[in-house]
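Everything below concerns the one structure shown next.
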Amino acid sequence: MLAIKDLKKYYGKVRAVDGVNIEIPEKSIFAFIGPNGAGKTTTIKILATLLLPDEGEVKIGGIDLVKEPKKIKKLIGYIPDTPFLYEKLTGREFLQFVSELFYIDRKTFKRRLSYLDDYLAFGDWIDNLVESYSHGMKQRVAIASSLIHDPYLLLIDEPMVGLDPLSAKRVKDLFKDFATGGKIVFLSTHTLSLAEDIADMVGVINRGKLIYRGNPEELTSRKRENLEEIFLKMIAEQT
Ligand SMILES: Nc1ncnc2c1ncn2[C@@H]1O[C@H](COP(=O)(O)OP(=O)(O)OP(=O)(O)O)[C@@H](O)[C@H]1O
Ligand SMILES: [Mg+2]
């Protein structure tokens, strides 16, 4: 379970995250949607232990994020909105490097890489230098690097940027399979169809406040509209 309680983060007068409450059970995919500047990245960075909250409490698998950041780091995989990869390593070398940071043995590394390759379809590119990669290939390697240590919670800020439809489909399948194994996926997206497609739960954030939380089918079937129409109305009502 990921439990976020009354989370707050201010930048001077800007209330980037302003009292967010979310509980996400295992085996589920949560999609965080909201306009630019709503507080999605700030929330994800707090969950990734890169920013300290000003107020509130976060527990991941029962472990307190502020009190035990080292334990939390092992539990999470994080893909920022602009991932960083070493250009002078090959994809395989980079993934091996990351797995060594987590003390993963060679055999386990090979097994996990083969599992990830089933979805991410690296092909021969995995042994070419990162500097030669297309945007989509970099993104796939970044996704693999965040899953190579088999985390409990996967955090991804805008996972589908730059992916072609086939790669996007495979990544969705990977996230579903990952969640099914007792894990949690927490993603932010502007692609509302993605949220509709794979999320068990969506959260709409605007100006640091969660203005809707629930399952996407409920939301769309009750109003007989698609998520895009509902989203635009919700945001308009607030401005
Ligand atoms: N380091 C910072 N210093 C000052 N203000 C910041 C900082 N980072 C974010 N903010 C502000 O906090 C608010 C939330 O930003 P955040 O990046 O979390 O939004 P977001 O929902 O991820 O937006 P987007 O969809 O554009 O990625 C914005 O008003 C932003 O300008
Ligand atoms: Mg952002």
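Residues that are within 14 Å of K8 (Cα to Cα) and among the basic types (K, R) were ranked within the range 24-60; the one that is farthest from ligand 1 (Cβ to nearest atom) is K45.
Every condition in (1) away from ligand 1 (no atom under 16 Å from the Cβ); (2) part of a loop (DSSP other than H, G, I, E, B); (3) closer than 15 Å to D81 by Cα holds for M160 except the one numbered (1).
Here K5 fulfils each of the conditions (1) surrounded by fewer than 16 Cβ atoms within 10 Å (Cβ to Cβ); (2) within 16 Å of ligand 2 (Cβ to nearest atom); (3) modelled with pLDDT of 95 or more apart from (2). For the range 53-74, the candidate set comprises residues that are without any contact (Cβ under 8 Å) to a residue 24 or more places away in the chain and not in a helix (DSSP H, G or I); within that set, the residue that is surrounded by the fewest Cβ atoms within 10 Å (Cβ to Cβ) is K67.
For residues in the range 78-100 being of a type in the set (D, E) and assigned to a loop (DSSP other than H, G, I, E, B), which is surrounded by the fewest Cβ atoms within 10 Å (Cβ to Cβ)? Steps first, answer last, please.
Initially, the range 78-100 is screened for residues of a type in the set (D, E), giving 81, 87, 93, 100.
Going one step further and asking which of them are assigned to a loop (DSSP other than H, G, I, E, B), we end up with 81, 87.
Values: D81: 14, E87: 12.
Among those residues, the one meeting the criterion is E87.
One residue stands out among those in the range 122-138 that are touching a residue at least 40 places away in the same chain (Cβ under 8 Å) and not acidic (D, E): the one that is surrounded by the most Cβ atoms within 10 Å (Cβ to Cβ), which is M137. Name the residues in the range 122-135 that are part of a helix (DSSP H, G or I) and touching a strand residue (DSSP E or B) at 6+ places or on another chain (Cβ under 8 Å), would you? Within the range 122-135, I126, D127, V130 qualify.
With outside any loop (DSSP other than H, G, I, E, B), surrounded by fewer than 20 Cβ atoms within 10 Å (Cβ to Cβ) and out of contact with any strand residue (DSSP E or B) (no Cβ under 9 Å at 6 or more places or on another chain) as the only criterion, which of Y103, Y115, Y119 stands out?
Working: Y103 fails: outside any loop (DSSP other than H, G, I, E, B); Y119 fails: surrounded by fewer than 20 Cβ atoms within 10 Å (Cβ to Cβ).
Testing whether each residue is outside any loop (DSSP other than H, G, I, E, B), surrounded by fewer than 20 Cβ atoms within 10 Å (Cβ to Cβ) and out of contact with any strand residue (DSSP E or B) (no Cβ under 9 Å at 6 or more places or on another chain) leaves just Y115.
Summed over the range 37-78, the residues that are within 19 Å of D150 (Cα to Cα), within 13 Å of ligand 2 (Cβ to nearest atom) and either modelled with pLDDT under 95 or not aliphatic (A, V, I, L, M) (or both) give a count of 0.
Among A195, A179, which is the only one that is among the small types (G, A, S), surrounded by 15 or more Cβ atoms within 10 Å (Cβ to Cβ), away from ligand 2 (no atom under 16 Å from the Cβ) and in a helix (DSSP H, G or I)?
Working: A195 fails: away from ligand 2 (no atom under 16 Å from the Cβ).
Unique residue meeting the criteria: A179.
The values are calculated or read from the model by the stated rules, or taken from the named source; none is laboratory data. What you are looking at is a predicted structure, and each value in this text was computed from that prediction instead of being measured. Note that each Cβ is placed from the backbone with ideal geometry, even for glycine, and that neighbours are counted across all protein chains shown.
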